[in-house]
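Report on one structure; see the data block that follows.
Every read-out reported here was derived from the displayed coordinates using simple, explicitly stated rules and does not represent laboratory data. As the structure is a prediction and not an experimental result, all values here were calculated from the model. Neighbour counts run over all protein chains shown; Cβ positions are idealised from the backbone, glycine included.
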Amino acid sequence: MFLQKWVRELVALSIVLILSLSTFALAQQQPGRLIPPPAQTPSPQPSQTPSPEPQNEPSPQPQPSPAEPQATPSQEATPAQAAPAQATSAQPMPVLWREPSDIASRNLYLGPGGEDMKPDLTKVTFIRQEPRGHTTKYRVRDGQGRVWVVKLGNEAQSETVASHLVWAAGYFTDIDYFVPEVKIEGKGTVKNVRFEARPKQIKRFDQEWDWDNNPFAGTNELQGLKVFMVLLNNWDLKTANNRVLLVHNEATNSDELRYIISDLGATFGKTGNFITHNRNQPGAYAATKLIKRIEGDHIIFDFRATHDQMLRNVTVAQAKWLGTLLSQLSDQQIGDAFRAANYSPDEIQILTKSVRSRIDELVNLPG
């Protein structure tokens, strides 16, 4: 009895021992499956700072530096490279003349400013006296707060007419109106003055442009403008009278550099030297000649003026181009330009006839 009990306990103990040994052997094999592959490096713990072994690491491939985008241009770099061309195309375009498709119907009484730009004479206030020029000029403000330069003296009439005629032919000019009488607060009442607009949206540069060095050299438009100055007997052709205006063209939504003659007062008189020339003398103007002779395909004008050497290269065809353009103006339109400047009926008749005669002379040139 005792022996059987001992045998059973021995068997049970043997079973426990066998199970323990099996569990131990299994535990020794299981961790081998958790060892990372040799090619991988276990991540260091935060407290560790392992020193890498360069010889065991693959050589790094060269990468473009972010500070040098030119090595591998991004998509955004392409527009930036095109920017200079875009900036160039956005530069203001120089313009001297624009074809006047409505020349036969243009209102030469009101001129380029039309009815809307007429000065408000209900209140005109003196701002300051302008420093330059042959005649006295004031900067003033009208009843609507718009700024004008008022010119006094005998150039007021002739300049108003000249600017209206030049504008009618498609050239850019200042906006001028003639006022027979106006009271200027701070100066009193003045008579026979020219109001020249200074719109806020137009920037006037101090830059002068030269008759022989400009973007339009050799064109019919520039050569025609030279002939126009002879037609008007404008003997004051110094470059100081040539200005550039920066204007935004609403029709094209672009900026323009408009080349103008800013002083046309020395017109409708007699050319000559500083002693013999005059301005705004209808009788003297009517007595002068336009063309002296033709030499080959060039014209020699009967004209003496400041810088008149610029006329030496004007061809017959270029003068005829201007004459053909101006021939579209009626006598009524030409007369309206003189009426706008308050000339007498007799003076209007003399001057209109003289201008028409000169236009016809250009139209009838050979060729």
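Which of the trypsin sites (Lys or Arg not before Pro) found in the stretch 271-337 are in a DSSP loop and have at most 12 neighbouring Cβ atoms, other than their own, within 10 Å? Answer by residue number: LYS289, ARG312. The charge dipole of the stretch 112-197, taken about its Cα centre with unit charges on the Cβ atoms of Lys, Arg (+1), Asp and Glu (-1) only, comes to about 400 debye. Which of rounded, prolate, oblate describes the stretch 109-158, given a ≥ b ≥ c as roots of the alpha-carbon gyration tensor eigenvalues and a/c under 1.5 marking rounded, otherwise prolate only if a/b is larger than b/c? Taking the square roots of the gyration eigenvalues as a ≥ b ≥ c, the stretch 109-158 is oblate. Excluding same-chain neighbours fewer than eight residues apart, the aspartates and glutamates reachable from LYS238 by a Cα-Cα span under 15 Å are ASP206, GLU208, ASP210, ASP212, ASP263, ASP308. Annotation: extensible slack from ASN364 through GLU115 equals 86.1 nm (criterion: 0.36 nm per residue apart, minus Cα-Cα distance). Highest mean packing first, where packing is the average number of other Cβ atoms within 10 Å per residue, the peptides 127-140, 161-174 line up as 161-174, 127-140. For ASN249, the residues 5 or more places off, or on other chains, whose built amide H falls under 5 Å of its own are SER254, ASP255, GLU256. Neighbour counting of Cβ atoms within 10 Å sorts the residues VAL363, VAL193, VAL314, fewest neighbours leading, into VAL363, VAL314, VAL193.
Less than 5 angstrom separates the built amide H of THR267 from those of ASN280, all sequence-distant by 5 or more or on a different chain. Let a ≥ b ≥ c be the square roots of the eigenvalues of the Cα gyration tensor of the stretch 148-222; is it rounded (a/c under 1.5), or, if not, prolate (a/b larger than b/c) or oblate? Cα axes put the stretch 148-222 in the prolate bin. Here the simple spin-label model places points 7 Å from the Cα toward Cβ, and for ASN249 and GLN328 these points are separated by 1.7 nm.
Quick one: grab the alpha carbon gyration tensor of the stretch 169-326, order the square roots of its eigenvalues as a ≥ b ≥ c, and give me rounded if a/c is under 1.5, else prolate or oblate depending on whether a/b is larger than b/c. Oblate, since a/c reaches 1.5 and b/c is not below a/b. Taking amide H atoms as placed 1.01 Å from N in the peptide plane, the amide H of HIS298 lies under 5 Å from those of VAL316, each 5 or more residues away in sequence or on another chain.
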